[in-house]
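Only one structure is covered here, and it is reproduced in the block below.
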């Protein structure tokens, strides 16, 4: 989640044919910090790949270290099984979306949502380096709750062996977002339909401790503050 | 959203090779009502398709009428442009995911999430019948807020012409869900790390009315009750 930016790191990703939208190009952004912030706020991504010529889209956890995304899963799971020893790489599209508000317009046509999304195109590769794999797993846990990785028991050898991690570099990537209010046609403004913005609730409810918690274990600060 | 179930409608979808997961098959369900309820609770789906041999995953609005899903967009948008007059259909995978809670275990390995997802495989087709198209657009608006379609100005001819709608039948479809609490190894239970369930907030914040609302327009009941 840290994404320490080197002085030489460009502030924006370079647009490509795949990352320039055909619709509403004004909603697109290639700003690196914006892309990272949208990615860091998500809990699951939707990972797309091609199997037998057909698309497959699965929700999955992910983590970020700088300009690298990591997805993990069982070594028996389908997309991760498709990389493997020879590892030609797996072409993927990884998408993260936040719905921030419902936009209720007077006209059905102008109903919309405020959202922020990131779409990453690329080729995912197996992570085989043990140090990179451990760092990736820490990033995955810290992605769920920042600061959590160092307050949990790290993976042991057996668990590491059972976990496959793939890496996707942030290179061909774009953000798209809608913000603001209702855009109705001028001739519709006098219609008697309520119109406005309905923000969606965000964040946590009160955490519920496991019944078997070791005596004296308090709710950690990284949960209390969020 | 109504999904009036005919007496002849089976209570479950038939599993296929694509809808039986290789991992955690105990989390899979083919129950029609469960699938519908997960679909109806979502705001956006992630629609996957193949372009130039590579996967593309885009977030988009959708609606449901019985066992049919509808996705709409501009007639200029990419996936919808790929169906069209000849309409051989567009192979898609449509996925909807709700993250309900974060599961913080004592071990990094057993961190998880409670989630409910639906994955639909199929071939999407253009909707050309005007009545079906209008019903689909109503379903899309009612999907955002049930009851909203009849309290908004319906699409006019120009808007209808600018809107493409594609249909995806619910046939090859499965749900997958995790519920419950923390599952740590017995030898980890005494570790001093907090463990438990962190539920995510759901629902709306207070709606914010458009500044140009017609005088006397009240917040509708379908927004107040949610």
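Please treat every number below as a calculation from the coordinates, not as lab data. Here the structure is a predicted model, which means the values were calculated and not measured. Here the Cβ positions follow ideal geometry from the backbone for every residue, glycine too, while neighbour counts run over all protein chains shown.
With a 10 Å cut-off around each Cβ of A:186-197, the average count of Cβ atoms from other chains is 6. Rounded to two decimals, the Cα radius of gyration of the protein assembly as shown over 2.2 N^0.38 Å is 1.00.
Once the chain from residue B:204 to residue B:156 is taken as fully extended at 0.36 nm per residue, the excess over their C-alpha distance is 14.3 nm. Look at the stretch A:27-38: the mean tally of other chain Cβ atoms within 10 Å of its residues' Cβ atoms is 0. Label sites at residue A:31 and residue B:100, each approximated as a point 7 angstrom past Cα along Cα to Cβ, lie 3.7 nm apart. In chain A, helical runs assigned H by DSSP with n ≥ 4 each contribute -39500 (n - 2.57); averaged across all residues and rounded to the nearest 500, the mean residue ellipticity at 222 nm is -4500 deg cm²/dmol.
In this rough spin-label picture, where each label sits 7 Å from Cα along the Cβ direction, the residue A:185-residue A:24 distance is 1.9 nm.
Helix B:32-41 and the longest principal axis of the C-alpha atoms of chain B enclose an angle of approximately 80°.
For the peptides A:125-135, A:30-40, B:136-146, the ranking by packing is B:136-146, A:30-40, A:125-135, with the highest mean count of neighbouring Cβ atoms within 10 Å listed first.
Each of the peptides B:193-205, A:14-26 was scored by the mean count of other Cβ atoms within 10 Å over its residues; in descending order, highest first, they stand as B:193-205, A:14-26. Length, then width, then depth: along the principal axes, the Cα atoms of chain A run 67, 50, 42 Å. Take the Cβ atoms of residue A:40 and residue B:131, set R0 to 45 Å, and the FRET efficiency comes out at 0.50. Each part gets one Cα centre, and for the range B:176-226 versus the range A:149-226 those centres are 11 Å apart. Label points for residue A:10 are taken 7 Å from Cα along Cα→Cβ. From this copy to the others they lie 5.2 nm apart, shortest first. Normalised by the residues of chain A, what does the relative contact order come to in percent, with Cα pairs under 8 Å and at least six apart? Taking the mean separation of contacting Cα pairs over the length of chain A, I get 26 percent. Per residue of A:151-164, other chain Cβ atoms within 10 Å of the residue Cβ number 4 on average. Between this copy and the others, label points of residue A:158 are 6.8 nm apart in ascending order, each placed 7 angstrom from Cα in the Cβ direction. Placing a label point 7 Å from Cα along the Cα-to-Cβ direction at residue B:33 gives distances to the equivalent points in the other copies of 5.1 nm, listed shortest first. Give the angle, between 0 and 90 degrees and rounded to the nearest 10, that separates the Cα long axis of helix B:130-144 from the longest principal axis of the Cα atoms of chain B. On a 0 to 90 degree scale, this one is about 40.
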